[in-house]
């Protein structure tokens, strides 16, 4: 399995969102969303480290930041009921929503790396990561 696929499976396959709603002064209902990151057990890796800058959702008007994280997270610590909250009670006005994405940091000091069970490691690279980071700033 390629390192790129590890991140796709661990991140994209493990985002959980919970929604609620509340009314605004105009009577329009706004939704509230929580986004949590979880992972499933594995023996092939001892660590999967990602430095998450933020979590975003695609709206009709472009990308909206749901939560700013700016933290390095070891995905393998998020198992057996453990999770990391990436966005808490983020407000979403009525509309159409598409994709959700994590923006990983490429700043100096950011760690995006997998450590294999044998102790060796490899940097995680996201093919569109530089383009995504440039567009979303």
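Each reported figure results from applying straightforward, stated rules to the coordinates on display, with no laboratory input. Since we're looking at a predicted model, the values are computed, not measured. Please note: Cβ atoms are built from the backbone with ideal geometry, for glycine as well, and neighbour counts cover all protein chains shown.
Based on the Cβ-Cβ distance from residue 43 to residue 106, what FRET efficiency comes out when R0 is 41 Å, to the nearest 0.05? E(calc), rounded to 0.05, equals 0.90.
Work out how much length residue 120 to residue 32 would gain on full extension: take 0.36 nm times their residue separation and subtract the Cα-Cα distance, in nm to one decimal. Mind showing how you got there, number by number?
Values: separation 88, 0.36 × 88 = 31.68 nm, distance 4.14 nm.
That works out to 27.5 nm of additional length.
May I ask you to give the average projected area over all directions of the convex hull of the Cα atoms of segment 34-125, in nm² rounded to one decimal? Intermediate values should be presented prior to the final figure.
Details: hull surface 27.6 nm².
Directional mean of the projected Cα hull area for segment 34-125 stands at 6.9 nm².
Computed extension gain for residue 80 through residue 61, at 0.36 nm per residue and net of the alpha carbon distance, reaches 3.1 nm.
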